[in-house]
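See structure below.
The values are calculated or read from the model by the stated rules, or taken from the named source; none is laboratory data. Since the model is a prediction, treat every value here as computed from it, not as a measurement. Note: ideal-geometry Cβ built from the backbone for every residue, glycine included; neighbour counts use all protein chains shown. Surface areas here come from the heavy atoms of the whole protein model, side chains and all, with no ligands, DNA or RNA. Shrake-Rupley method; radii C 1.70, N 1.55, O 1.52, S 1.80 Å.
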Amino acid sequence: MSHEMILDAVKALKGHKVMIIGDLMLDHYLIGGVERISPEAPVPVVQVKDESYLLGGAGNVARNIADLGGKPLLIGAVGTDRNGEVLEDLCGQAGLSTRLIQDGDRPTTVKTRIIAHNQQVVRVDQERVGPLSPAEMDTLFVILEENLPDYPVIILSDYGKGFISREFMDRFMPMVQGRSTPPLVLVDPKTVNYDLYQGVDLLTPNTKEASEGANLPVSDRESIIEAGRAIFRRLGCRNLLITLGPDGMALFEGQDSIRHIPTFARKVFDVTGAGDTVIATTALALAAGMDLLTACTLANYAAGVVVAQVGAATATPDDLEETVNELPEPQVTFWQE
Ligand SMILES: Nc1ncnc2c1ncn2[C@@H]1O[C@H](COP(=O)(O)OP(=O)(O)OP(=O)(O)O)[C@@H](O)[C@H]1O
Ligand SMILES: [Mg+2]
């Protein structure tokens, strides 16, 4: 693939639609310093100087798509609490279309990190894991029926908080597969839920998740291929993208066509969110009509942009263009046994 083709692909992302369904989270940061130990218990007292919120989970995937120039529709659940309002505001600021189900029985999922002198002191999680109630599930499927015709690609963003459940998948897959032109279904898996992802179009585990999904150790090329094949046997999925951190990605188009896309050595600041960027970019590129290899190649560049930034960053088309121009063409190779 030449630079020109990749640059054309970057431009072609604009305006395409992707639906993201899954676990919504709020990342909350309290940042300050410690000057004394508490008189109440042997713990430090953190004086907060700065407080911030970021979209996490499925919200971060949607934000990646918006920043790439796409049009995401984010579907998930929030509690009827203050944090739910914060989360909705953030979606608005990020330019996301949303259909959020208000769940009075659970809090909005929030992960609070308390950071003093650039060190995380403690993380405080507020969440209640579990599937939607039958009434909420019905509301969700009304929303899905309404919107499905406009979305050629759907991401299931599963962080194991319960939105993607057996009940959900048992209704979702037949609904999708019953359409005259079924949308593509892409899944970033959570290990405990592997068996839910039968028959999806693309699964994007990292090496650890691939190893757990295959029940096999993963280290070298041979073991990646073995694990990939075991996942195909387990799920009957169409394609598989195993992300390999600094080693790039292995793309299985079916069980027998396996290609490796390498990364380039560069300064890595923060790998947080690279997986979200991979599935977001791949989905948007597929929505724009690109083939899977082109989509994954773009995703590999986008992830490269994100790991070179601090925090759960995203890539814009300008960032992508700059990186493509800076780096040599990726040497995609076939992996034979
Ligand atoms: N050290 C690195 N150098 C270059 N690229 C990297 C590095 N780490 C990750 N990447 C890029 O990010 C992609 C996804 O990384 P990884 O396999 O770590 O996903 P992940 O574990 O799901 O990430 P996350 O932290 O978001 O859960 C890789 O395929 C690669 O393109
Ligand atoms: Mg991941």
Quiz item: For region 231-331, list the helices (runs of 4 or more DSSP H) that sit wholly inside it and hold at least 2 residues that are of a type in the set (Asp, Glu); which are they?
Solution: 317-326
Quiz item: Within region 130-146, which residues are in a helix (DSSP H, G or I) and polar (S, T, N, Q)?
Solution: THR139
Practice problem: With the checklist (1) in a helix (DSSP H, G or I); (2) open to solvent by 40 Å² or more (accessible area, probe 1.4 Å) in hand, flag the one item GLN47 doesn't pass. | Solution: (1)
Exercise. Filter region 221-236 down to residues that are more than 16 Å from ligand 1 (Cβ to nearest atom) and of a type in the set (D, E, K, R) and give me whichever is farthest from PHE163 (Cα to Cα).
Key: GLU222
Practice problem: Go through region 199-219 residue by residue and tally those that are surrounded by fewer than 18 Cβ atoms within 10 Å (Cβ to Cβ), within 16 Å of ligand 1 (Cβ to nearest atom) and part of a loop (DSSP other than H, G, I, E, B). | Solution: 1
Quiz item: Does region 280-293 contain any residue that is near ligand 1 (Cβ under 8 Å from one of its atoms), over 15 Å from the mean Cα position of the chain (by Cα) and either open to solvent by 10 Å² or more (accessible area, probe 1.4 Å) or at pLDDT below 95 (or both)?
Solution: no
Self-check item: Any hit, region 222-232, residues being within 23 Å of ILE65 (Cα to Cα) and of a type in the set (Phe, Trp, Tyr)
Solution: no
